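Notes follow the structure.
Every number in this text was worked out from the coordinates using simple rules, so none of it is lab data. Just so it is clear, the model here is predicted, and its values are computed rather than measured. When we count neighbours, we look across all protein chains shown, and the Cβ atoms used for this are built from the backbone with ideal geometry, even at glycine.
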């Protein structure tokens with residue numbers, strides 16, 4: 001890992017220690033309905049303890065999202081952050097039709113919601129301190145939405161998938177079915193099929209390359225984590241492009257594990273916690289330090 005390695009860093013305490021109880025403003029788990037594309041996305045906002053406002057992480061799952069990374073969400077909340085998770089439209093029983101393009105729109109809507117929901121102090125949201133973390137396809141979505149919004153302070157890709165590279169060629173059908181699990185009798189995504197998703201990826205392969213986002217990400221903290229899952233090539237290409245532009249704020253790491261980081265969950269959380277220590281450094285109560 002190219003990351004801070006001090007094991008005594010206070011930000012790692014959330015791995016094994018609950019924060020002090022705050023009876024006046026406790027941590028909460030709040031269901032939310034986030035408008036996007038004419039429907040409401042099913043979402044959960046994990047608010048940190050204390051009055052806030054707190055920095056907020058938007059945590060995006062992959063295709064279809066069997067690994068939800070809830071352990072990461074809880075750890076980051078114990079570190080004093082809010083964490084917002086969403087289900088893209090048409091996934092996991094949510095309304096609407098699932099498309100890759102809809103995922104991009106849904107993530108953008110979630111970022112916009114964070115900015116607009118700051119009027120409710122109970123949600124403890126700071127619109128100036130937002131990072132986006134995405135796993136698998138969610139990593140691609142995270143790179144896209146952060147590249148489009150300069151006010152987002154950082155992005156982390158955990159086994160980020162290059163849709164054009166991974167699903168935009170002749171191997172697409174097998175790869176999509178492997179990730180969606182249609183052949184196993186699962187019905188997680190609505191209004192779509194492996195063929196429809198493969199065709200969408202193929203049509204957009206050139207513009208959805210991860211390397212297209214390098215210029216617009218290089219000036220912000222970026223975390224790139226890969227594993228032995230066969231998807232590393234796209235993330236590695238983006239890493240190199242960012243280094244070619246300016247790699248001063250780039251952190252990278254690799255774990256010898258599967259796509260879900262099944263036996264490296266603590267290591268993954270350490271990587272993210274250490275990276276968070278490099279983002280959102282300004283004081284929450286000092287508006288002169290805000291972008």
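Summary of values
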| item | result |
| --- | --- |
| Potential extension, residue 199-residue 150 segment - 0.36 nm per residue separation minus Cα distance | 14.6 nm |
| Ascending count of other beta-carbon atoms within 10 Å, so fewest first, for 227, 136 | 227, 136 |
| Antiparallel bridge percentage (DSSP; both residues within region 10-280; nearest 5) | 35 |
| Global form of region 81-235, assessed from the alpha-carbon gyration tensor, a/c cut-off 1.5 | oblate |
| Cβ-based exposure ranking for 245, 132, 145, in which fewest neighbours within 10 Å come first | 245, 145, 132 |
| Net lengthening on full extension, residue 28/residue 70 (0.36 nm per residue, minus Cα-Cα) | 13.7 nm |
| Segment residue 206-residue 248, length gained on full extension (0.36 nm per residue, minus Cα span) | 12.4 nm |
| Among 226, 75, 278, residue whose mean-square fluctuation peaks in a GNM of the chain (springs only between Cα atoms under 10 Å) | 278 |
| Relative contact order of the chain, pairs being alpha-carbon contacts under 8 Å that are 6 or more residues apart, as % | 19 |
| Quarter of Cα convex hull surface for the chain, i.e. mean projection, nm² | 14.7 |
| Degrees, to the nearest 10: 137-148 long Cα axis against longest axis of the chain | 70 |
| FRET E, pair residue 258, residue 92, Förster distance 30 Å, beta-carbon r, rounded to 0.05 | 0.90 |
| Alpha-carbon centroids, region 91-143 and region 180-241: separation in whole Å | 17 |
| In degrees, nearest ten, helix 265-276 long axis to first principal axis of the chain (Cα) | 60 |
| Neighbour-count order for 236, 18, 274, fewest beta carbons within 10 angstrom listed first | 18, 236, 274 |
| The chain: calculated mean residue ellipticity at 222 nm from DSSP helix runs of at least 4, using -39500 (n - 2.57) | -9500 deg cm²/dmol |
| Kirkwood hydrodynamic radius of region 59-129, Cα pairs, Å | 13.4 |
| Degrees between helix 194-203 axis and first principal axis of the chain (Cα, 0 to 90, nearest 10) | 80 |
